[in-house]
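The values are calculated or read from the model by the stated rules, or taken from the named source; none is laboratory data. Only a predicted model underlies this, so the values are computations on that prediction, with no experimental measurement involved. A quick note on method: Cβ atoms are made from the backbone with ideal geometry, for glycine too, and the neighbour counts reach across all protein chains shown. When the accessible area is computed, the model is the full protein with side chains, heavy atoms only, and any ligands, DNA or RNA have been set aside. Shrake-Rupley method; radii C 1.70, N 1.55, O 1.52, S 1.80 Å.
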Amino acid sequence: MRKPLGLYLHIPFCNQKCNYCTFFSVTPAEELYNLYVKGLRRELKFFKQFGFTFDTFFVGGGTPTSIPPKVFEDIIKIIMEELAIESLKEFTVEVNPESLTDDHIVLFKDLGINRISIGAQSFIEEELRFLGRSHGVKDIHKAYYKLREAGFKNINLDIMFGFKGQSLKSLGYTLEQVIQLAPEHISTYSLSYEKGAIKDLRLNDEQVLASMFTLNKTLLENSGYLRYEISNYAKPGFESLHNLKYWMHNFYIGLGPSASGYYLNGKDLLRYKNTRSMVKYAKMEREYETLSPEEWLLEEIFLKTRTKWGIEVKGERIRKKLKRNLENI
Amino acid sequence: MKNIRNFSIIAHIDHGKSTLADRFLEITDTLRARDMKEQVLDSMDLEREKGITIKMHPVRMRYKYNGEEYILNLIDTPGHVDFSYEVSRSLAACEGAILLVDATQGVEAQTIANLYLALEQNLEIIPVINKIDLPNAQIGKVEHQIEELIGEKPLKVSAKLGWGVKELIEEMIKRVPPPEGDPQEPLKALIFDANYEDYRGVVIYVRLFDGTVKPGMKIMLKSSGLSYEVMEVGYFTPETEKTKELKAGEVGYIIAGIKDITLARVGDTVVDASKPETPSLPGYREAKPMVFAGFYPTLSSDYPLLEKALYKLKLNDAALHFQGEYSPALGPGFRCGFLGMLHMEIVKERIKREFGVEVVITTPNVEYKVKTKDGKEIVVDSPKEFPDHYLEAYEPYVLAEIITPKEFLGNIQQLVMKRRGIQRKFQFLDENTVYFEFELPLQEIIFDFYDRLKSVSRGYASFDYEFLEFRKTDAVRLDFIVAGERVEALSMIVHRSNAYRIGRKIVEKLKREIPRHLFEVTIQAAIGNKIIAKERIAPLRKDVTAKCYGGDITRKRKLLEKQKEGKRRMKKIGRVELPQEAFLNVVRAED
């Protein structure tokens, strides 16, 4: 039997755009839900023919909690009807601290979601405001404790570093706060800038950035987290199975506008990316690309070397080829 | 006429001028208690809010004393150095002035500047110490300072509690002489202020020295020679109140269908149009802007709104000058001229409050007179017009007065020397307070001199200045070049001796503010073709710590491939856009 794939669903709705964000999102509205569901049904029909099975499912965005629980439920149920996702090992949903309601939590439990990723980003009010986040520190605590109370045993906190105004001291404070909450998984992403973001908030000092990077590792590893990817830390056994699919060069299907996928189509290694338009998404517009062996190898290198496992090299021919490619990067 | 008293109040910001005026209004029953709000005569919200009075409304009050009724006209002087010409014209309309000094603060530089203006006009000065009710009042000390200044014991009042205010009014009636003049003589009236109203046009505020003015009469403004028919005259109560006529010695307003406020110039003389040879009153000067800066809307789409705002403000502000300009970095905007920095601040604040437009202001500069190589004399108020080579250049100098506790003397002298100042006069006001005068280039103080002064004196020093003359200078245009392109909006005119220091500082700031690119970015400060400071921003390396999730691997791969390609073409210089925020952070708070 073929290896199960990862499944990603992009919920392209946000009440407020964060200053640094370039992910595709629109403001929640009834009409847009309808377009979204229309596109989703088309995609599901398309993928059904492949007979894929899935063992991880990640619902991201956007802000999955920015849409009403009922809409969320309908969307997930539509997917469950069409794709084989009954034996998921990991089912994650991203939440924003301020928009997570009790109804969401009850629903998440009902749907079998077993991992929650909270977009915390910082534990300093001014920094949250600067980033354009619509929540405060209190909201993070509230969301976290509610989820614990509801029995979620695998929680991730997203933390951000390397933005203007942040210092080693303030990052240290944020990390200490995270450690006290003791989530199973912590992502610490350095802020990047891409065209389309509201502002370029990057810290311009490479020395400080490097020290921040080290500070993450020192503080988190001292507290029992293992770094298994450049920016990801987990208590043993809580590595994100879904994200590892990206990093370990495995196959996955992405649903929703702007989502991407990677799968084997006959002999072709296909990557696709969905349109960033809601209207075009309803017509299932997407771009495809077939990977050449060189492209595949380049990916193999830059993805797997992100992880602590690296690349397994079997045989002299591969070794030589790899060496050549590494020199080229 | 013998029962008219025209007077003003000279006071430093916060010394209680508006509060004293409020008591006058109450005591004279000009306003009934229920019409009173605090600081009635402060007309702008901005003034009431900031607690500073830019200019109070004039007001006519009645007061019975020894069985006779007196008319008291209070004409205000704007309380800031930017408006010293307006102050001198307001004082010219009076026969007396109350010198109000805060008992907790003592005499400040600006008070002295205005006091001298009043003495020049031969006004009767009534010194008063205010806020004597406060526990930290230093009545004895301030009394001594005032005696040193004008050789007279001050009255003591608490404007807040009304102590001594009645006595002050009566003292004024006794000491301030009534106006002189003849209602039968040809009309001669001084314009001391003007205001634009939507329906009535320009309302000119006048003090009549001779003659009479009434509706139907034809008047002429001496500076322009333009004639108008008088539609209405009246007094300030403090609202405008119509009357039949205004006579010599009186203070009031004239409405004569003037549409453009720049024609009703402060200091100008109004005469009878049928007697155009009537001489002008002395002291008229055109309101000339001293400080220039670019105003750009933060959002380019706000440009039409900014234009509208400037036109509207100009209706009531003859000293505001502006013309359109375009900057590649900031888009469309305006080159504006102001009387001084406070004037600029007020305009900026009003644009924001009243029109909702946020503006970016480029580094302000003064006006330079330049003799070019081909022998022409030009006036330059914008860095981009400043020539690379010239024969001679002249910049405006001011006479600055500073009063400070003596312990900060050294700090302040140092600061002033750094700003190319020359000390002129030095005097102890009392054993702890020093007064001194400096000659300084205006350019050196328009930026952050006041802030620096406050910080080196822990807020104690006070400061005032007046224009002196144009003096020869060695000025240069300092340019900033980012990735090979000159950023025009950052160019500034500086003294050659400061060029290196300022150039270095701004280059360093730019280095911090400009995002890194895939190629190396050089930042240079230059005078003409000569580079005087340089920094480089190293090219971005691949940010391996950036997140790689959400599955868009294709983009990551393409980015990687592009960077690989980019490395090969490392020498190629790309275009660098200076983000507006970076620009703001660079021009903000020089030094």
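Largest first and in whole Å, the equivalent-ellipsoid semi-axes of chain B read 51, 28, 24, each the square root of five times a Cα gyration tensor eigenvalue.
Placing unit charges on each Cβ (+1 for Lys and Arg, -1 for Asp and Glu) gives the protein assembly as shown a dipole about its Cα centre, and among B:PHE426, A:VAL93, A:LEU175 the Cα reaching farthest toward its positive end belongs to A:VAL93. Within the same chain, aspartates and glutamates fewer than 8 places from A:LYS70 are excluded, and of the rest, those with a Cα less than 20 Å from its Cα are A:GLU30, A:GLU31, A:GLU81, A:GLU82, A:GLU94, A:GLU98, A:ASP102, A:ASP103, A:ASP110. Carbon-plus-sulfur accessible fraction, the range A:5-246 (probe radius 1.4 Å, protein heavy atoms only): 53%. Ordering B:THR278, B:GLY106, B:GLY294 by the projection of their Cα atoms onto the charge dipole of chain B, which places +1 on the Cβ of Lys and Arg and -1 on the Cβ of Asp and Glu, puts B:GLY294 at the extreme positive end.
Inter-chain neighbour count for B:554-561: the average number of beta-carbon atoms from partner chains within 10 Å of each residue's beta-carbon is 5. Each label point was placed 7 Å from the Cα along the Cα-to-Cβ direction; for B:ARG501 and B:ARG285 their separation is 2.9 nm. With all protein chains kept in place, the per residue accessible area of the protein assembly as shown amounts to 44 square angstrom at a probe of 1.4 angstrom. Rounded to the nearest 0.05, the FRET efficiency derived from the C-beta distance between B:SER224 and B:ASP133 at R0 = 56 Å is 0.70.
What does the net charge come to around A:SER277 if you take all other residues with beta carbon closer than 15 Å to its beta carbon, with K and R at +1 and D and E at -1? Summing Lys/Arg as +1 and Asp/Glu as -1 gives +3. Using 0.36 nm per residue and subtracting the Cα-Cα separation, the extra length available between B:GLU171 and B:ARG62 on full extension is 37.7 nm. Structural descriptor for chain B: relative contact order 9 percent, calculated from alpha carbon pairs under 8 angstrom and at least 6 residues apart. Modelled spin-label separation between B:GLU232 and A:SER167, with each label point placed 7 Å from Cα along the Cα-to-Cβ direction: 6.1 nm. Across the options A:MET248, B:VAL370, A:TYR225, the greatest Cα extent toward the positive end of the charge dipole of the protein assembly as shown (unit charges at beta carbon of Lys, Arg, Asp, Glu) belongs to A:MET248. Rounded to the nearest 100 Å², what is the sum over both chains of accessible area buried where A meets B, with a probe of 1.4 Å? Separately minus together, A and B give about 2900 Å² buried.
Relative to the longest principal axis of the C-alpha atoms of chain B, give the angle of the C-alpha long axis of helix B:139-150, reported between 0 and 90° and rounded to the nearest 10°. Relative to chain B, helix B:139-150 is tipped by roughly 80 degrees.
The label point for A:PHE46 and the one for B:ASP374, both projected 7 Å from the Cα toward the Cβ, are 6.7 nm apart. The stretch between A:THR22 and A:MET284 holds 92.2 nm of extra length on full extension. This uses 0.36 nm per residue minus the Cα-Cα distance. Residues of the range A:242-273 whose accessible area, computed with a 1.4 Å probe over protein heavy atoms, drops by at least 30 Å² once all protein chains are present relative to their chain alone are A:TYR246, A:SER260, A:ARG271, A:LYS273. D by Stokes-Einstein for the range A:5-246, Kirkwood Rh over Cα pairs, 37 °C, 0.692 mPa s: 176 µm²/s.
For the pair A:TYR145 and B:ARG486, a Förster radius of 56 Å applied to the C-beta separation gives a FRET efficiency near 0.50, rounded to the nearest 0.05. Note on B:LYS348: aspartates and glutamates with a C-alpha under 16 Å away, same-chain residues under 8 apart excluded, are B:ASP45, B:GLU47, B:GLU49, B:ASP82, B:ASP302, B:GLU307, B:ASP317, B:GLU358.
Anything over 24 Å Cα to Cα? Flag those among B:LYS160/B:LYS247; A:LYS164/B:LYS511; A:LYS195/A:LYS321, in the order listed.
B:LYS160/B:LYS247; A:LYS195/A:LYS321
Per residue, chain A reaches -12500 deg cm²/dmol at 222 nm when only DSSP H runs of four or more residues are counted, each adding -39500 (n - 2.57).
Efficiency by 1/(1 + (r/R0)^6): what FRET value for A:ASN222 and A:TRP309, r their Cβ-Cβ distance, R0 = 35 Å, to the nearest 0.05? Rounded to the nearest 0.05, the efficiency is 0.95. Net charge dipole, the range A:5-246: roughly 180 debye, given to the nearest 20, about the Cα centre with Cβ charges of +1 for Lys and Arg and -1 for Asp and Glu. Taken about its Cα centre, the range B:104-223 carries a charge dipole of roughly 300 debye when the Cβ of each Lys and Arg holds +1 and the Cβ of each Asp and Glu holds -1.
Please tell me the relative contact order of chain A in percent, rounded to the nearest whole number, where contacts are Cα pairs under 8 Å and at least six residues apart. In percent, rounded to a whole number, it is 19. For the residue pairs B:LYS131/B:LYS153; A:LYS245/A:LYS280; B:LYS509/B:LYS530, the C-alpha atoms sit more than 24 angstrom apart in A:LYS245/A:LYS280. Please identify which residues in the range A:5-26 have an amide N closer than 12 Å to a label point set 7 Å out from the Cα of A:LYS199, following the Cα→Cβ vector. Answer for this model: A:18-21.
A Cα-only calculation for the protein assembly as shown places Rg and Dmax at 36.6, 119 Å. Expressed as a whole percent, the accessible surface of the range B:245-298 that belongs to carbon and sulfur atoms is 54, based on a 1.4 Å probe. Converting the Cα gyration tensor eigenvalues of the range B:302-366 into ellipsoid dimensions via √(5λ) gives semi-axes, longest first, of 17, 15, 11 Å. In this view, the solvent-accessible surface of A:ASP74, computed with a 1.4 Å probe and all protein chains in place, comes to about 70 Å². Here chain B is treated with +1 on each Lys and Arg Cβ and -1 on each Asp and Glu Cβ, and its dipole about the Cα centre works out to around 3700 debye.
Mean residue ellipticity at 222 nm, helices only, chain B: -8000 deg cm²/dmol; runs of at least 4 DSSP H residues each add -39,500 (n - 2.57), and the sum is divided by the number of residues. The mean count of C-beta atoms from other chains within 10 Å of the C-beta of residues in A:185-192, rounded to a whole number, is 3.
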